[in-house]
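Below is one structure; the comments refer to it alone.
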């Protein structure tokens, strides 16, 4: 059963993507005006009349010239202005008239005929206008789903997601928001996604069976989906992402969770992907995939089986919705408490979709630029939102986005509609997100801000049309229904450790008049980001001395509130152990590794940095690896060196420990030096031991004797040879005999 499920998952993706053959985007010829258009608006002329001819010109009898032009209406450009009419007349505005005529008549003929009329001083033809884009990305004009103003003859203006006002007034996406794309792998090297897609170390991962988790698959479909959500805005390249930022550096970030591999038979663990994403920072999950069925009745059976039975996928969806943005202790750490799972409805034209029909998810159907539901889109009351997905009629009516190798292509499908919803959700989280913002609030804003207007094949409303700006207004209206207050989770005892940064969230409710919110503080290093209802205050403790401070939040001149906080004193690192002196065999390539972190602790709990220096005999090779915090030492020669390890905290408070390293011949039981000797002779065993020592002259007379004397590598036995005559002596150490020359 599981294998069948996985096979059907892949086949459904094939169906969802039916008709998604890439088009050659290079055939698009971008104009500076963003579209081809005539030099003048057909059938319209603006004429300037003399003072005498102006009054009553719209009621003038029709002449043969006007009849030949097929004139339909004549009206003042600036109608009667009531109390301002006298001023308008003084400015000559009453002399301008608009003449509407048969569009089939050429502007040249119209200009000649109108210019010949009595009292006409000049004839002008209005030029077509195009709205200037918010961003400088060259293909934005072709992304009708963002702003549809009739780019093509069949397009109906207004059938888009109304996102440009959100970009201009509120946000274009924040890097604090992570979106999981559970799909084919996203091309992280694409010019329009570079720096936006998380690395494998940051959370992107493969869940394709029989491949390592660090496998990097680059997939056309996954890259197309990711581009709609997060392609970088205002970088002068390619397309725009709905939440792609506004500074050319990117907005929300993508966690690529690959469940499809390079072969048609590859399949992956979607349930594991969703749970992984929830545990590693994602709060939104886009799923442009579903299960296959060869008939609508078969899909109904699969839907009923999915809804009425337990499955890992259902459990994973529930887990993501409940726990995304929440740490293991139950505290909100992400920009939203709980997650949202978005699914494409499917492209079979059926009344069911799986898993999209599972009630906790947001199911997304598709409409085209003419405002009608896409013929391929699955439908029904379970579809929560309708979003741009193309209609598969012409290439330009489909959805343009990123594909691998720095390319851009059009594709139709509910797979393309779902990331429109995910992108708008990411904008809402970017702006409203923070402590207390929940997935229920996000869902209410998306659904409450949607609009009617998309009709299905039977002329019935197909679902709520996604509307970004209306969703923002809905959320703001909800927040503004409350009394003007400044509130937070402040408990009266905010403290910041001297090495940390802390973020304090302050909520402003009831700001109906859009009064500006500002923050002031007597603490250096305090930064604040404010919008109409929230202040996010960051205290960088390293920029200030320990002590008591406060910041004040002001809402215009209507309300203010101060919040005291304390930067705690700093404490230097403390040694917690001693390193014993070490003996190293200088005739071996063996090394010693020391982890300094084991010998220090910081009372403030911060991560320490380490440094070291070596003094004494130059006998050591050393290497410190800051990644693993390991100090590696090798003795290259005989001698004694001292190593000092110093631990630093972020404020450069420090403490040190020292130890000695002796390099010697490890294959000999003891060292006798110097030999020849002039004054003192040193006897050094390789380990701590008890020695019996005798020194004999050439006549065999014992001139020095010590019994049971304790000695070791760092406490050698010292023999005074200064009073002895020069010559050759025999040294006996624990019955081992050596020859010593006294100079």
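Laboratory data are not the source of any read-out in this text; all were calculated from the coordinates shown. Every value quoted in this text rests on a predicted model; they were computed, and no experiment measured them. Glycine gets a Cβ as well: all are built from the backbone with ideal geometry, and neighbour counts include every protein chain shown.
For the range 648-663 and the range 252-328, compute the distance between their C-alpha centroids and round to whole Å.
Between the Cα centre of the range 648-663 and that of the range 252-328, the gap is 51 Å.
At a temperature of 10 °C and a viscosity of 1.306 mPa s, determine how fast the range 485-567 diffuses translationally according to Stokes-Einstein, using the Kirkwood radius over alpha-carbon pairs as Rh; express D in µm²/s, rounded to the nearest whole number.
Numbers: Rh = 12.9 Å.
Reported coefficient: 123 µm²/s.
Show me 571-579, 167-175 ranked by packing, highest mean number of other Cβ atoms within 10 Å first. The partial results should precede the final answer.
Details: 571-579: 14.1, 167-175: 19.9.
Result, highest mean Cβ count within 10 Å first: 167-175, 571-579.
Any idea what % of Cα-Cα pairs in the range 574-664 are farther than 21 Å? Don't skip to the answer; put the middle values down first.
Details: 1243 of 4095 pairs.
Roughly 30 percent, rounded to a whole number.
Calculate the translational D of the range 525-573 in whole µm² s⁻¹ from Stokes-Einstein, where the hydrodynamic radius comes from the Kirkwood formula applied to all Cα pairs, the temperature is 37 °C and the viscosity 0.692 mPa s.
Numbers: Rh = 12.5 Å.
So the translational diffusion coefficient is about 263 µm²/s.
Could you give me the radius of gyration and the Dmax of the range 670-742, taking only the C-alpha atoms into account and expressing both in angstrom?
Spelled out, the Cα radius of gyration and Dmax of the range 670-742 are 11.3, 33 Å.
Report, for the chain, the % of DSSP beta bridges that are antiparallel, rounded to 5. All intermediate terms of the calculation are to be shown ahead of the outcome.
Numbers: 110 of 147 bridges.
So the antiparallel bridges in the chain amount to around 75 percent.
Using the Kirkwood radius built from alpha carbon pairs, what does the Stokes-Einstein equation give as D for the range 175-250 at 37 °C and 0.692 mPa s, in µm² per second? Please report the intermediate quantities before stating the final value.
Numbers: Rh = 12.6 Å.
Diffusion coefficient, whole number: 260 µm²/s.
To the nearest Å, what is the center-to-center distance of the range 580-597 and the range 703-743, using C-alpha atoms only?
29 Å
Kindly provide the helix-only [θ] at 222 nm of the chain, computed as the sum of -39,500 (n - 2.57) over DSSP H runs of four or more divided by all residues, to the nearest 500 deg cm²/dmol? Please report the intermediate quantities before stating the final value.
Details: 13 runs with 134 residues, N = 743.
Only helices count here, giving -5500 deg cm²/dmol.
Can you pull the percent of Cα pairs in the range 566-623 with separation above 20 Å? Show your work: numbers first, answer last.
On the way: 729 of 1653 pairs.
Roughly 44 percent, once rounded to a whole number.
Show me 327-338, 197-208, 344-355 ranked by packing, highest mean number of other Cβ atoms within 10 Å first. Can you show the working numbers first?
Numbers: 327-338: 15.7, 197-208: 18.4, 344-355: 26.2.
Sorting 327-338, 197-208, 344-355 by mean packing, highest first, produces 344-355, 197-208, 327-338.
Please report how far the C-alpha centroid of the range 500-576 lies from that of the range 375-441, rounded to the nearest whole angstrom.
37 Å
When only C-alpha pairs under 8 Å and at least 6 residues apart count, what is the relative contact order of the range 574-664, in percent? Can you show the working numbers first?
On the way: 198 pairs, mean separation 34.8, N = 91.
Relative contact order here is 38 percent.
Computed over the Cα atoms, what is the radius of gyration of the range 417-534 divided by 2.2 N^0.38 Å, N being its residue count? Don't skip to the answer; put the middle values down first.
Working: Rg = 18.4 Å, N = 118, 2.2 N^0.38 = 13.5 Å.
That ratio works out to 1.37.
Starting from 0.36 nm per residue, how many nanometres of slack lie between residue 675 and residue 540 once their C-alpha separation is accounted for? Please list the in-between numbers first.
Details: separation 135, 0.36 × 135 = 48.60 nm, distance 6.27 nm.
That pair, residue 675 and residue 540, stretches by 42.3 nm at full extension.
State, as an integer percentage, the relative contact order of the chain based on alpha-carbon contacts under 8 Å between residues 6 or more apart. Please report the intermediate quantities before stating the final value.
Working: 1806 pairs, mean separation 64.1, N = 743.
About 9 percent, as a whole number.
Do me a favour and compute the ellipsoid semi-axes for the range 150-306 from its Cα gyration tensor, root of five times each eigenvalue, largest one first, whole Å.
Values: eigenvalues 159, 100, 42 Å².
That gives 28, 22, 14 Å for the three semi-axes.
What is the Å³ per residue value for the convex hull set by the Cα atoms of the range 339-491? Please report the intermediate quantities before stating the final value.
On the way: hull volume 21.4 nm³, N = 153.
Enclosed volume per residue, from the Cα hull, is 140 Å³.
With an 8 Å cut-off on Cα pairs and a minimum separation of 6 or more residues, tell me the relative contact order of the range 287-354 in percent. Before the final figure, lay out each step's value.
Numbers: 67 pairs, mean separation 30.5, N = 68.
The value is 45 percent.
Give the peptides 140-151, 593-604 in descending order of average Cβ contacts within 10 Å, highest first.
The peptides rank, most packed first, as 140-151, 593-604.
Just need the Rg to Rh number for the range 274-343, please, alpha carbons only, Kirkwood Rh. Write down the numbers at each step before the final one.
Numbers: Rg = 14.5 Å, Rh = 13.3 Å.
Taking Rg over the Kirkwood Rh, I get 1.10.
So if each residue of separation counts as 0.36 nm, and I subtract the Cα-Cα distance between residue 304 and residue 687, what length gain in nm does that give? Write out the running numbers ahead of the final one.
Numbers: separation 383, 0.36 × 383 = 137.88 nm, distance 7.82 nm.
Roughly 130.1 nm would be gained on extension.
By how many nm would the segment from residue 168 to residue 587 lengthen if fully extended, with 0.36 nm per residue of separation less the alpha-carbon distance? Show your work: numbers first, answer last.
Values: separation 419, 0.36 × 419 = 150.84 nm, distance 7.18 nm.
Stretched fully, the residue 168-residue 587 segment lengthens by 143.7 nm.
Mean shadow of the range 44-124, computed from the convex hull of its alpha carbons, in nm²?
Mean orientational projected area (the range 44-124, Cα hull): 5.0 nm².
From the C-alpha gyration tensor of the chain, pull out the three semi-axes of the equivalent ellipsoid (sqrt of 5λ each), sorted largest to smallest, in whole Å. Mind showing how you got there, number by number?
Working: eigenvalues 1214, 219, 140 Å².
Semi-axes, largest first: 78, 33, 26 Å.
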